[in-house]
Amino acid sequence: MTNQALVVGASGIVGSAVSSLLAKEGWPVAGLARRPSQESGVTPISADLLDPTALSSALADVSPTHLFLTTWARQATEAENIRVNAQMIRNVLEAVRSSHSVRHVALVTGLKHYLGPFEAYGKGSLPQTPFREEQGRLDVENFYYAQEDEVFAAAERDGFSWSVHRPHTVTGIAVGNAMNMATTLAVYASICRQTGRPFCFPGSEVQWNSLTDMTDAGQLARHLHWASTTPAAANQAFNVVNGDVFRWKWMWSRIAEWFGIEAAPFDGQPAPLEQQMAGDAPIWAEMAKQFDLAEADIGKLISPWHTDADLGRPIEVVTDMSKSRKLGFLEYQASDDAFYEVFAKLRASKLIP
C-alpha cells in the first residue's frame, strides 16, 4: 500500500517541516490546520480540532496510512491544557477511524515529559540528566501524558503502531507559532542592532554556563519519517535532538556575530525578553516600514514567554539519543548552523532586515 500522510498542525514549525520532507519523498500529503499554508506537494485542509463534526467532514475523503500529530493549544492552566489538548488528539483519531487506513501514528511532545508543565517547569524532583526515555512520568499533571494516553488507547482499539517523539527546543520557521525561539531571537537581535540596545542574554546563570542541546525542525522531520517507516521503532518513545551539545555563553556570541552586533557581558542575572521587548511593537512597525518587511506585527513573530521559559531554567538540560542511534537513526545537525539557516530564511523571506 502506498504511504499517505496526514499532518496535523501542518502550518507550524514541525508540521511544515515534516510535510515538506514527506512531499519531497513522494508521499501524498494532506496538511491539516485551522489556517493551512500553501506548500508545494501538500493538500491543505482547514478544520477546527475542537469541532468534531467539522473535523470529520473535512477528513471524510482522506485515508491516511500515517498520521503525524504536531500541534497543541496553550491554555491558562495545566488542567485546561490537559482537557483541550487531549480532546484535540481524541477528535482527530476518531475522525480518521472510519477510513480503516491508519497504520502508524506519530505524536510530537517534548522534554516537558521530564521537566514538568510550564507552571511547574524545572521544579521539584527531576530525573538526572541526560534525560533517557526509560525515565518514567513525573507525579504531576502534564498534558503530554494525556496526549500519549489518547494515542495508546486508540492504538489498542484500532490496531495501528505508534511512536512518541520528544524534542528539545525546536528551531524552525512558522509565523504565528506559540513556541518560536529562533525567530524571537532574530527579531530581538535585529532590534538591538537597529536601536543600539545591548544584546543581553535573557536567561539564568545555569543555562549560560551548563551544557544543553536543541532540535532543528528538519532533524525532527527526518526522525518522524524514520520512526514511522522502521518496524523496529514501532510502539516506542524517543528523544530527538541535533546530536551536538553547547553552552549558551558560546552560542550567544555566535548569534550576535551573525547579526553583526556585540554580545553584552552576562552579569549572572536573568533579563527576561518579555520585559525587554514589552514596548517593541512600535519599533518593529517602524522597522517594517523602513526595510519593507513582510510582517509588521511583532506579536506574530515572537514568543518571548517561551524563550524565557527555556533559557531561564535552573537546571542543566541534556538529552540522550542512544536509543535512536542503536536502532539506526544516525542523522546529525550542528545547532549553530540550524540557527543560521533559520536566520537566512527569515531574511530571504523579508521577515527580518
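The values are calculated or read from the model by the stated rules, or taken from the named source; none is laboratory data. What you see is a predicted model; the values in this text were computed from it and never measured. Cβ sites come from the backbone with ideal geometry, for glycine too, and all protein chains shown count toward neighbours. Calculation scope for accessible area: heavy atoms of the full protein, side chains included, ligands and nucleic acids excluded. Shrake-Rupley method; radii C 1.70, N 1.55, O 1.52, S 1.80 Å.
Report in % the part of the accessible area of segment 29-121 that belongs to carbon and sulfur, leaving out ligands and nucleic acids; probe 1.4 Å. Write out the running numbers ahead of the final one.
Working: 1850 of 3950 Å².
The value for segment 29-121 is 47 percent carbon and sulfur by accessible area.
Using heavy-atom solvent-accessible surface (probe 1.4 Å) with all chains present, what is the largest-first order of Trp250, Trp258, Trp162?
Trp250, Trp258, Trp162
Enumerate the lysines that Lys350 could reach by cross-link, defined here as Cα to Cα under 20 Å, with residues fewer than 8 away along the same chain left out.
Lys289, Lys300
Please calculate the 1.4 Å probe accessible area of Ile13, with all protein chains present, and give it to the nearest 10 Å².
Probe radius 1.4 Å; accessible area of Ile13 about 10 Å².
For segment 258-344, what value does the Rg/Rh ratio take when both radii are computed over Cα atoms and Rh is the Kirkwood radius, given to two decimals? Mind dumping the intermediate values first?
Working: Rg = 17.7 Å, Rh = 16.7 Å.
Checking Rg against Rh, the ratio lands at 1.06.
On C-alpha positions alone, give me the angle between the axis of helix 181-195 and the longest principal axis of the chain, in degrees, nearest 10.
With rounding to tens, the tilt is 20 degrees.
Could you work out what % of the accessible surface of segment 174-256 is carbon and sulfur, using a 1.4 angstrom probe and leaving DNA, RNA and ligands out of the count? Could you put the intermediate results ahead of the total?
Working: 1260 of 2410 Å².
Answer for segment 174-256: carbon and sulfur cover 52 percent of the accessible area.
Taking only Cα atoms of segment 46-192, what ratio of Rg to Rh do you get with Rh as the Kirkwood inverse-distance radius? Write out the running numbers ahead of the final one.
Numbers: Rg = 16.9 Å, Rh = 16.9 Å.
Rg/Rh: 1.00.
Which angle between 0 and 90 degrees, to the nearest 10, do you get for helix 217-229 versus the longest principal axis of the chain when only C-alpha atoms count?
Here the helix axis deviates by roughly 20 degrees.
Given points 7 Å out from each Cα along the Cα-Cβ axis, report the Ala60 to Gln194 separation in nanometres with one decimal.
4.7
Debye sum, Cα scatterers, the chain, no solvent: what log₁₀ I/I(0) at q = 0.13 1/Å?
Each listed q corresponds, in turn, to -1.03.
In debye to the nearest 20, how big a dipole does segment 250-348 give about its Cα centre with +1 on each Lys and Arg Cβ and -1 on each Asp and Glu Cβ?
Numbers: 9 positive and 17 negative charges, 86 e Å.
Here the size comes out at about 420 debye.
With each label point set 7 Å from Cα along the Cα-Cβ vector, what nm distance links Glu134 and Glu80?
4.0
Normalised radius of gyration for segment 179-223, please: alpha carbon Rg relative to 2.2 N^0.38 Å, two decimal places.
Details: Rg = 13.7 Å, N = 45, 2.2 N^0.38 = 9.3 Å.
Expressed relative to 2.2 N^0.38 Å, the Cα Rg reads 1.47.
Taking a 1.4 Å probe, which of Arg166, Arg222, Arg97 shows the most accessible area, and what order do the others take after it? Working shown, then result.
Numbers: Arg166 10, Arg222 70, Arg97 95 Å².
Putting Arg166, Arg222, Arg97 in descending order of accessible area: Arg97, Arg222, Arg166.
For Lys326, give me every one of the lysines with a C-alpha distance below 30 angstrom, ignoring sequence neighbours fewer than eight places off in its own chain.
The qualifying lysines are Lys24, Lys112.
So, with +1 on the Cβ of K and R and -1 on the Cβ of D and E, and no other charges, what is the size of the charge dipole of the chain about its Cα centre, to the nearest 20 debye?
On the way: 29 positive and 39 negative charges, 95 e Å.
Using Cβ point charges on Lys, Arg, Asp and Glu, the chain gives about 460 debye.
Accessible area per residue of segment 94-251 at 1.4 Å probe, in Å²? Write down the numbers at each step before the final one.
Working: 5610 Å² over 158 residues.
Dividing the accessible area of segment 94-251 by its residue count gives 36 Å².
Calculate the dipole size of segment 196-266 relative to its Cα centre from +1 charges on Lys and Arg beta carbons and -1 charges on Asp and Glu beta carbons; express the result in debye to the nearest 20. Write down the numbers at each step before the final one.
Working: 5 positive and 6 negative charges, 10 e Å.
So the magnitude is around 40 debye.
As I understand it, the value is the acute angle between the Cα axis of helix 248-258 and the longest principal axis of the Cα atoms of the chain; what does it come to in degrees, rounded to 10?
Once rounded, one gets 80 degrees.
Over the heavy atoms of Leu67, what accessible area does a 1.4 Å probe trace out, to the nearest 10 Å²?
Per-residue accessible area (Leu67): approximately 0 Å².
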